[in-house]
Each structure stands twice: as structure tokens, then as C-alpha cells.
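Notes follow once the structure below has been shown.
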Amino acid sequence: MTLPLLRAIFFDIDDTLYSSSEFAGRAREASVDAMLARGLAADRARVLTELARVVEEFGSNDSRHFQRLLDRLPSIATASVNSSLLVSAGMMAYHETKWRELRLRPEARDVLQALAATQVALGVVTAGITEKQMEKVLRLGIDRWVDPGLIFITDQVGIAKTNPRLYKLAARKARVATGEAMHVGDHPTRDVESAARAGLVTVWHRGSGKYAALRPSKGPNHVIEGLEDLPEVLSTHYRLAP
């Protein structure tokens with residue numbers, strides 16, 4: 001049997017190449033602890049719960065999480081301290097945690113390194129603000145293995161992950177047919193369904209992330225629990241043996 005040809009592989013970043021959910025949780029805890037240490041008069045568990053609600057309501061890319069948090073707490077919580085000091089302390093703690101703990105998953109590093117030694121083109125398709133996502137590319141060291149011309153950030157490109165055009169663009173830039181390109185990601189809609197509608201081969205990195213309980217309505221071609229499972233998919237179903 002002739003195996004299908006695979007000439008390009010694109011990866012999602014968040015909760016695929018590294019655990020953004022776990023990282024964000026630790027960073028937010030550090031931020032709350034920093035604000036409490038500098039005079040925020042509130043219960044830690046309540047503050048963490050309210051911060052989680054703020055993030056859910058305004059999205060992870062909102063730049064005013066901590067100010068919104070303070071605005072929603074009782075006024076007595078900030079009565080004896082400068083609220084701007086608390087916001088800055090929270091932001092500093094968040095970024096210090098990012099610099100210290102933002103790490104590529106070991107299995108992701110191994111897979112990227114192995115694939116970089118093959119003839120397949122490697123790229124990234126990720127959603128978010130250009131500066132923040134590009135910083136992740138650099139801090140995680142992904143730029144060592146992926147083609148810099150194949151990094152697609154929704155904010156920079158101007159096309160959302162829900163639009164199959166984004167994945168068609170990625171394949172076109174890689175100079176491959178959509179059926180010769182694969183996308184690996186954790187979100188059943190943005191990573192799987194959209195890429196499948198564009199004609200790409202789709203791999204759902206289900207794992208234990210926040211979308212593991214959801215099910216894509218279209219595709220995926222393959223389901224993996226972790227990136228350590230990807231090499232077997234590639235060697236079994238495609239002309240690729242990293």
C-alpha cells in the first residue's frame with residue numbers, strides 16, 4: 001500500500017507544545033500572593049476565584065486583568081494601599097513566573113528536534129497577540145526548529161483560527177498541497193475542525209487539557225494523548241519516520 005505524502009507539519013503552541021493552562025494557573029497564584037503580601041486585604045481563595053472569572057469573561061489576552069480584579073473586590077480590600085502598586089506587583093510576579101517556568105514539554109522538544117532532521121517543513125499556527133505569541137516562540141526555543149517564514153499568528157495575519165483560510169494560507173506559504181500538510185493542536189474547533197475544512201490532515205492533541213472533554217464535529221484524522229505518540233502516527237500512516 002502506498003502511504004500518503006506528508007511535506008509540512010504545523011503545531012499549535014498553547015496546551016500543545018507547552019502546558020499553558022498549568023503555567024497560567026501558577027503565574028496567577030504568584031500574582032495574587034504578591035498583591036496579598038503588599039497589602040491587599042482579601043481572602044486568597046476568593047481573590048483567585050474572582051481573577052479566574054475575570055480571565056474567563058475578558059479573555060486571556062486582556063491587558064487589565066488585575067485592575068478589573070481589584071475593581072470587583074469590596075472597597076475595603078484596597079482601602080489602605082495604592083491600587084496601582086498592587087497591579088504592578090501582580091504583573092511583576094506574573095512575568096517573573098513566566099521567565100522562570102515557561103518551558104517546552106520534553107516530548108515536544110524531542111519531536112521537534114527529530115522532525116527538524118527530516119525533509120518535512122515545520123511551522124506554527126497559533127492564536128493570540130503577535131508580541132505575546134512570538135515571545136513564546138522565542139522563550140520556548142521553537143524558533144530553533146521551525147521555518148521562520150511559517151509562523152502564523154492570528155493577530156499578525158488577520159485571520160482567526162476559526163477560519164479555514166488561515167490553514168490554507170499556511171499550506172500555500174509552505175508550497176505544499178493542503179492534503180500534504182498536517183496540523184497538530186488541542187482545540188477541537190479551532191485546531192481540528194477548521195484545519196480539516198481547509199483540507200489538512202488533523203491530529204487532535206487531546207491529552208488532559210481543558211478541551212479534552214469536548215469532541216470535534218469534523219475529523220480528526222488522528223487522536224493522540226501526548227506528543228510522544230506523534231512519531232508512531234507519522235511512521236505508521238505517512239512517509240515519515242522521525
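Does the stretch 46-56 contain at least one residue that is within 20 Å of the chain's Cα centre (by Cα), under 28 Å from Val192 (Cβ atoms) and among the hydrophobic types (A, V, I, L, M, F, W, C)? Looking through the stretch 46-56, at least one residue is within 20 Å of the chain's Cα centre (by Cα), under 28 Å from Val192 (Cβ atoms) and among the hydrophobic types (A, V, I, L, M, F, W, C). When Asp62 is tested against the conditions (1) modelled with pLDDT of 95 or more; (2) within 25 Å of the chain's Cα centre (by Cα); (3) not assigned by TED's automatic domain parsing to the domain that holds Thr162, the lone failure is (1). Pairing residues of the stretch 79-92 that are within 10 Å of Arg38 (Cβ to Cβ) and touching a residue at least 24 places away in the same chain (Cβ under 8 Å) with residues that are hydroxyl-bearing (Ser, Thr, Tyr) and outside any loop (DSSP other than H, G, I, E, B), at Cβ distances under 8 Å and at least 6 apart in sequence or on separate chains, gives Leu86/Thr78; Ala89/Ser31; Gly90/Ser31.
Got a sec? Which of Gly90, Gly39 is buried (at least 18 other Cβ atoms within 10 Å of the Cβ), of a type outside the set (Phe, Trp, Tyr) and over 19 Å from the mean Cα position of the chain (by Cα)? Talk me through it step by step, then tell me what you get.
On the way: Gly39 fails: buried (at least 18 other Cβ atoms within 10 Å of the Cβ).
Answer to the selection: Gly90.
Taking first residues from the stretch 164-183 that are more than 21 Å from Ser235 (Cα to Cα) and partners that are surrounded by fewer than 24 Cβ atoms within 10 Å (Cβ to Cβ) and basic (Lys, Arg), the Cβ contacts under 7 Å between residues at least 6 apart in sequence or on separate chains come to Pro164/Arg197. Residues that are touching a residue at least 40 places away in the same chain (Cβ under 8 Å) and within 22 Å of Leu140 (Cα to Cα) occur at least once in the stretch 30-43.
Applying a threshold of 7 Å to beta carbon distances and a minimum spacing of six or more residues, or different chains, the list of pairs starting in the stretch 118-137 at a residue that is farther than 12 Å from Phe152 by Cα and ending at one that is part of a helix (DSSP H, G or I) and aromatic (Phe, Trp, Tyr) is empty.
Quick check: is even one residue across the stretch 10-18 touching a Pro at 6+ places or on another chain (Cβ under 8 Å), in a loop (DSSP other than H, G, I, E, B) and modelled with pLDDT of 95 or more? Talk me through it step by step, then tell me what you get.
Here is the first cut: in the stretch 10-18, the ones touching a Pro at 6+ places or on another chain (Cβ under 8 Å) are none.
No, because not a single residue in the stretch 10-18 is touching a Pro at 6+ places or on another chain (Cβ under 8 Å), in a loop (DSSP other than H, G, I, E, B) and modelled with pLDDT of 95 or more.
So, restricting to helices (runs of 4 or more DSSP H) that lie completely within the stretch 129-215, which ones have at least 3 residues that are among the small types (Gly, Ala, Ser), under 22 Å from Leu102 (Cα atoms) and over 14 Å from the mean Cα position of the chain (by Cα)?
On the way: elements: 130-139, 154-157, 165-173, 194-197.
Counting at least 3 such residues, we get no helices (runs of 4 or more DSSP H) at all.
Check whether at least one residue in the stretch 127-137 is of a type in the set (S, T, N, Q), outside the structural domain of Asp62 (by TED's automatic domain parsing), in contact with a strand residue (DSSP E or B) (Cβ under 6 Å, 6 or more places away or on another chain) and closer than 22 Å to Ala24 by Cα, and report yes or no. Within the stretch 127-137, one or more residues are of a type in the set (S, T, N, Q), outside the structural domain of Asp62 (by TED's automatic domain parsing), in contact with a strand residue (DSSP E or B) (Cβ under 6 Å, 6 or more places away or on another chain) and closer than 22 Å to Ala24 by Cα.
Which residue out of Leu70, Leu51, Leu85, Leu6 is part of a loop (DSSP other than H, G, I, E, B) and either over 29 Å from Arg190 (Cβ atoms) or of a type in the set (A, V, I, L, M) (or both)? Step by step, each of Leu70, Leu51, Leu85, Leu6 is checked, and only Leu6 is part of a loop (DSSP other than H, G, I, E, B) and either over 29 Å from Arg190 (Cβ atoms) or of a type in the set (A, V, I, L, M) (or both).
Each row is one residue, and each column tells you yes or no for (1) modelled with pLDDT under 90; (2) in contact with a His (Cβ under 9 Å, 6 or more places away or on another chain).
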position: Arg172; (1), (2): no, no
position: Asp186; (1), (2): no, yes
position: Ser208; (1), (2): yes, no
position: Ala213; (1), (2): yes, no
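The values are calculated or read from the model by the stated rules, or taken from the named source; none is laboratory data. The shown structure was predicted, so the numbers you read here are calculated from the model rather than taken from an experiment. Using ideal geometry, Cβ is built from the backbone for each residue, glycine included, and neighbour counts are taken over all protein chains shown.
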